[in-house]
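Since the structure comes first, as structure tokens, the remarks are kept for the end.
The values are calculated or read from the model by the stated rules, or taken from the named source; none is laboratory data. Owing to the predicted nature of the structure, the values given are computational and were not obtained by experimental measurement. Positions of Cβ are generated from backbone atoms using ideal geometry, with glycine treated the same way; all protein chains shown enter the neighbour counts.
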Amino acid sequence: MIDFIAGLRAAGVRISIAESADAFRAVDLLGAQDRDTFRVSLRTTLVKEPADVPTFEQLFPLYFDSDAPPPMMSASDELTPEEMDMLAEAIRQFTGRLREMLQRLLSGEQLTSEELEQLGQLVGLKQADHPALSQWMAQRMMRALGVPQVRDALEDLWEVLNKLGMDRQTLDRLQQLVQGNMDALEEQLERFAGSSIARNMAEAGRPEAGPDLMNRPFRHLTDTEAEELRKQVRRLAAQLRSRLALRQKRGKTGMLDAKATIRASLRYGGVPIELRHKHRRLKPKLALICDVSTSMRHCAEFMLTLIYDLQDQVGRARSFAFIGDMEEISGPFSELPTQRAVEQVLTQLPPGYYSTDLGNSLDTFSKRFMDAIDHRTTVIVLGDGRNNYNDPRTDLLEEIKRRSRRIIWLNPEPPTMWGAGDSDMIRYLPLLDSVFEAGNLAQLTYAVDRLLSS
């Protein structure tokens, strides 16, 4: 119950200490044996706003449903010894990981806790902190197991068994058994993802020593904390503007041009009375490419706010946003105040968990928006590099690199997660001039300061 209350708080539900105590007293009085009574007791004492009821209903099963995996069946219980020999002969035609997965599905072997932990680490489950992500994470783990390839292999297996003489009725029973085991595997992964996310949310909801919102990960922000950071972003933008303006003033004269100074000194008998300086271009020309999917929402919002609040320190900026495809979003920023423009952009591009496709988005960018880039342009990509196992199209990023001055990538995930699961970050890295971790406002502000100063 303590973890559940912490998870609710992490999801933005306001719960006082007194309300927590009421929940414990209600459970002590009514008991926890009857699941419905237990759920109603907690909802009545912990949830005061109707808008928070859906959050409660989403989280409750993550914390209080059984973690026991669903049962799986073995083909040996359905087939005769002769049919098992036929099945073994058919499976021998497959090799490596495919054969192993087919054998597991046919024998009804569930994933061990160690295998589940390894899969979770591979797909970045530790970073997930919203109940709606459980199905998405389960799909990631299914892909990491090679389930799409296994489904194709099963079609080949049925064909081989048919040729070997297995009768239609037995083949139908075997197909139903395997489909049932496949469903059970997916349910096992969803339950594991859900319980892991519940732990993540409980951990995020516990108070930290000396809470510092600047260093709090974007993915752990409550609605209240996000609103507070929006105020801080405006203050930070003002501070950055003053600092950058000072650098502009100091840099107006540029570096000393020794050759030009010597030439100018000839008219004074070689005395360098007039110092000549090289022209220094200080205001960068930017092209922003932002992932605005659900996991990137806060990061993209604060990044766009900082950049456009510092518009007077930038030569020119064009902005683009993507989830499954690329769209230009520069228009609202030229017509509206920064905060209203950001709100309009994020409203027009609703979040999504399952459809991120940077490769396809880069393809659209190369066909429609390449005029935004020339040899003076700094391209800034804001994204976690996760591509849902789609083609990353590194060839298109390489073309952007050839045309631009440099490419800088801001990634909210720590480097230890790059390349894990469906992350293509490792494949993009060789094409980047600089990479900054930007998982909280302190890191994001530092990155923006650096890229606008260089």
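The figures follow:
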{"quantity": "Hey, Arg427 within 20 Å of Ala128 (Cα to Cα) and among the basic types (Lys, Arg) or not", "calculated": "no"}
{"quantity": "Leu111 outside any helix (DSSP H, G or I) and either touching a helix residue (DSSP H, G or I) at 6+ places or on another chain (Cβ under 9 Å) or under 28 Å from Ser355 (Cβ atoms) (or both)", "calculated": "yes"}
{"quantity": "Residue match in the stretch 354-368 (condition: in contact with a strand residue (DSSP E or B) (Cβ under 8 Å, 6 or more places away or on another chain), assigned to a strand (DSSP E or B) and of a type in the set (Lys, Arg))", "calculated": "no"}
{"quantity": "Hits in the stretch 369-383 (condition: among the hydroxyl-bearing types (Ser, Thr, Tyr) and more than 26 Å from the chain's Cα centre (by Cα))", "calculated": "Thr377"}
{"quantity": "Those residues of the stretch 324-365 which are touching a helix residue (DSSP H, G or I) at 6+ places or on another chain (Cβ under 7 Å), under 21 Å from Lys285 (Cβ atoms) and among the aromatic types (Phe, Trp, Tyr), in sequence order", "calculated": "Phe333"}
{"quantity": "The stretch 306-330 residues that are over 16 Å from Phe365 (Cα atoms), paired with ones that are assigned to a strand (DSSP E or B) and at pLDDT below 90 (beta carbon under 6 Å, 6 or more apart)", "calculated": "Val314/Leu286; Gly315/Lys285; Arg316/Lys285"}
{"quantity": "Tally of residues being hydroxyl-bearing (Ser, Thr, Tyr), part of a loop (DSSP other than H, G, I, E, B) and over 17 Å from Phe4 (Cα atoms) across the stretch 21-80", "calculated": "2"}
{"quantity": "Residue among Leu116, Leu106, Leu125, Leu59 that alone is closer than 30 Å to Gly165 by Cβ and crowded, with 19+ Cβ neighbours inside 10 Å", "calculated": "Leu106"}
{"quantity": "Those residues of the stretch 420-454 which are assigned to a loop (DSSP other than H, G, I, E, B), at pLDDT 85 or above and surrounded by fewer than 16 Cβ atoms within 10 Å (Cβ to Cβ), in sequence order", "calculated": "Asp433"}
{"quantity": "All positions within the stretch 359-388 that are buried (at least 22 other Cβ atoms within 10 Å of the Cβ) and among the polar types (S, T, N, Q)", "calculated": "Ser361, Thr377, Thr378, Asn387"}
{"quantity": "Which numbered condition Met417 misses (of (1) surrounded by 17 or more Cβ atoms within 10 Å (Cβ to Cβ); (2) in contact with a helix residue (DSSP H, G or I) (Cβ under 6 Å, 6 or more places away or on another chain); (3) of a type outside the set (Ser, Thr, Tyr))", "calculated": "(2)"}
{"quantity": "Complete set of residues in the stretch 373-392 that are within 25 Å of Arg405 (Cβ to Cβ) and not in a loop (DSSP other than H, G, I, E, B)", "calculated": "Thr377, Thr378, Val379, Ile380, Val381, Leu382"}
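Each row is one residue, and each column tells you yes or no for (1) loosely packed, with under 15 Cβ neighbours inside 10 Å; (2) hydrophobic (A, V, I, L, M, F, W, C); (3) modelled with pLDDT under 90.
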residue	(1), (2), (3)
Arg281	yes, no, yes
Arg297	no, no, yes
Thr305	no, no, yes
Leu310	no, yes, yes
Gly315	yes, no, yes
Met326	no, yes, no
Ile329	no, yes, no
Pro337	yes, no, yes
Arg340	yes, no, yes
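Each row is one residue, and each column tells you yes or no for (1) over 30 Å from Gly108 (Cβ atoms); (2) modelled with pLDDT of 80 or more; (3) acidic (Asp, Glu).
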{"site": "Ala26", "(1), (2), (3)": "yes, yes, no"}
{"site": "Asp34", "(1), (2), (3)": "yes, yes, yes"}
{"site": "Pro61", "(1), (2), (3)": "no, no, no"}
{"site": "Asp67", "(1), (2), (3)": "no, no, yes"}
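Residue by residue, here is whether (1) under 34 Å from the mean Cα position of the chain (by Cα); (2) without any contact (Cβ under 8 Å) to a residue 24 or more places away in the chain holds:
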| residue | (1), (2) |
| --- | --- |
| Ile5 | yes, no |
| Ser16 | yes, yes |
| Leu30 | no, yes |
| Gln33 | no, yes |
| Asp36 | no, yes |
| Leu46 | yes, no |
